[in-house]
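One structure is given here, and the rest of the page talks about it.
Please treat every number below as a calculation from the coordinates, not as lab data. Note that the coordinates shown come from a computational prediction; the quantities given were computed from them, not determined experimentally. Because the Cβ atoms are built from the backbone with ideal geometry, glycine has one as well, and the counts that use them run over all protein chains shown.
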Amino acid sequence: MSQKLICMTEKELARHNVMENLITGQINGTDAAKQMALSVRQTKRLKARFIQKGAPGLIHGNRGRESNRKLSDCLVERAKKHLKERYYDFGPTFASEKLSQNHKITINKETLRIVMSEMGLWRIKSRKNPKHKHFWRPRKENFGEMEQFDGSYHQWFGQEESCLLLAIDDATGKITYGEFKEHESVKEVFGFWLGYLQTNGLPLSIYLDKFSTYKINHKNAVDNSEMLTQFQRAMNQTGVKLIVAHSPQAKGRIERMFETLQDRLVKELRLANITTIGQANNFLQKYTPQFNNKFAVVPAKRANLHKELSQTIKEKLPQIFSVQNERRVNNDYTIMFKKRFFQLDDAQSTSVYKKDAVIVEEHLNGEIKINVKGHYLNYWELPARPKKQININLPVITTRKPTGWKPPLDHPWRRPFILNPERYQISSRVKKIA
């Protein structure tokens, strides 16, 4: 006679021993409930099933059955179709959101992870124990207390690489301002922060890296505090404190933000058929509130520490966020700047002397202004370089080649140079004897 094989877990085997002791009277129901960590009522139910069915009565009734929450095959096939066609490069979490949002297919991200792994669209990574553990710096308490700022070069849309300039609030993790630019130059960064200040106001501090646009990294700049970049000079004029990070991990929140955006925002731009920077900036303005609602955190305090722009700062913003260089006034009251010559007018609002130091300002709108002692000078641009005046009148310019002929001592041309006549007579006699 064949015997039926029963598979039981260690937990169920332990309950089997407890039930045998309970039935034989070695322990009572209260003690049995304590040993199995169950209630007395549940212990009575297990006892009744054990008496009726024996050891199989201790096994859970749903073992071997399909789950009531199992997804239908039709739903899974629909999800696989959309994954192949549109979301082939999405992660499981993002793909789960898009399936629910755009196609009304609700699948848990972990279930979808298994489905995508079977389809070859996702590779499940094994966990690794990090050798060096980094502890996060506590967030700032208030909104506007610190802004983490950086630029990320990436193929955000199309085939060409562009730069996303981004500022996130340290206390909340919100994207406070973002803009796509061609590169991370001084003028592009100035345009970014001009828009930021007009939108949010002045933050207390900005946390950024050592990129050459933001900090002079020459060794002599350590002891010379006057060696400032254009960005440092502008922020000093606005009163915003700059904090320089010595490693990417120090400003890890914005680095992690770029990783998330390079995964999510790139796919959103592709689905929206974005191909130009203008389209991308318009899309980013609509996308930012949705992103903040999903990923932003609640700050420790509710205060907003952004300072409002005073009327004086508002008027000076075009001057502050301009590229400024020092030049000298030439003797003819012209100023040379980038191979261009500017002639100063006779009538000025202040006195200007030769060799005076002036500040040439390149504004973001392309306008050039010349500033001296807080006054803008009147000028016009010369079409060509001014010619120098030559005071020496040359009598003649000859191109004859020297023949090497020298006049003799008694030549009339040399008589005015004879200082001793007696010597001349002696030399003449010697010449005749010879």
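Work out the length of the dipole vector of the chain about its Cα centre, built from +1 on the beta-carbon of each Lys and Arg and -1 on the beta-carbon of each Asp and Glu, and round it to the nearest 20 debye.
That gives a dipole near 1300 debye.
How far, in degrees from 0 to 90, does helix 40-53 lean away from the longest principal axis of the Cα atoms of the chain, to the nearest 10?
Here the helix axis deviates by roughly 60 degrees.
What FRET efficiency comes out for residue 204 versus residue 276 if R0 is 35 angstrom and r is the Cβ-Cβ distance? Round to the nearest 0.05.
Here the calculated transfer efficiency is 0.50.
Find the relative contact order for the range 10-58 and round it to a whole percent, using C-alpha pairs within less than 8 Å whose residues are 6+ positions apart.
33 percent
Given 404, 196, 288, which one lies farthest toward the positive end of the charge dipole of the chain, if we put +1 on the Cβ of every Lys and Arg and -1 on the Cβ of every Asp and Glu?
Projecting each Cα onto the dipole axis, the largest value belongs to 404.
Taking the structure as given and computing Rg and Dmax of the Cα atoms in Å, which label from (i) 21.5, 99; (ii) 21.4, 65; (iii) 42.6, 164 fits?
(iii)
Which of the three applies to the range 289-346, rounded, prolate or oblate, going by the alpha-carbon gyration tensor with a ≥ b ≥ c and a/c under 1.5 meaning rounded?
prolate
Determine which aspartates and glutamates satisfy two conditions relative to residue 80: a Cα distance under 17 Å, and not lying fewer than 8 residues away in the same chain.
Straight-distance partners of residue 80: 89, 97, 110, 118.
Multiplying the sequence separation of residue 286 and residue 93 by 0.36 nm and subtracting their Cα-Cα distance, what value in nm do you get?
Between residue 286 and residue 93, full extension yields an extra 67.3 nm.
A 22 angstrom limit on the alpha carbon distance is what I want to check against. Which of 187/369; 210/241; 210/307; 81/286 exceed it?
210/307; 81/286
Helix 311-320 sits at what angle to the longest principal axis of the chain, using alpha carbons and giving 0 to 90 degrees rounded to 10?
70 degrees
How high is the relative contact order of the range 73-119? Use alpha-carbon pairs under 8 Å, at least six apart in sequence, and give a whole percent.
Relative CO of the range 73-119 lands at 33 percent.
Helix 277-295 versus the longest principal axis of the chain: what is the Cα-based angle in degrees, 0 to 90, to the nearest 10?
40 degrees
Below 20 Å Cα-Cα, how many Lys pairs turn up in the range 1-66? Only count pairs eight or more apart in sequence, or on different chains, if you could.
The result is 8.
Can you say what percent of the DSSP beta bridges in the chain, counting only those with both residues inside, are antiparallel? Round to 5.
85 percent
From Cα pairs below 8 angstrom and at least 6 apart in sequence, can you work out the relative contact order of the chain, rounded to a whole percent?
11 percent
Trypsin sites (Lys or Arg not before Pro) within the range 1-88: which are DSSP loop residues with at most 11 other Cβ atoms inside 10 Å?
4, 63, 65, 69, 70
Between the range 158-214 and the range 326-353, what is the C-alpha centre distance in whole Å?
35 Å
If I model a spin label as a point 7 Å beyond the Cα along the Cα-Cβ vector, how far apart are those points for residue 13 and residue 40 in nm?
3.1 nm
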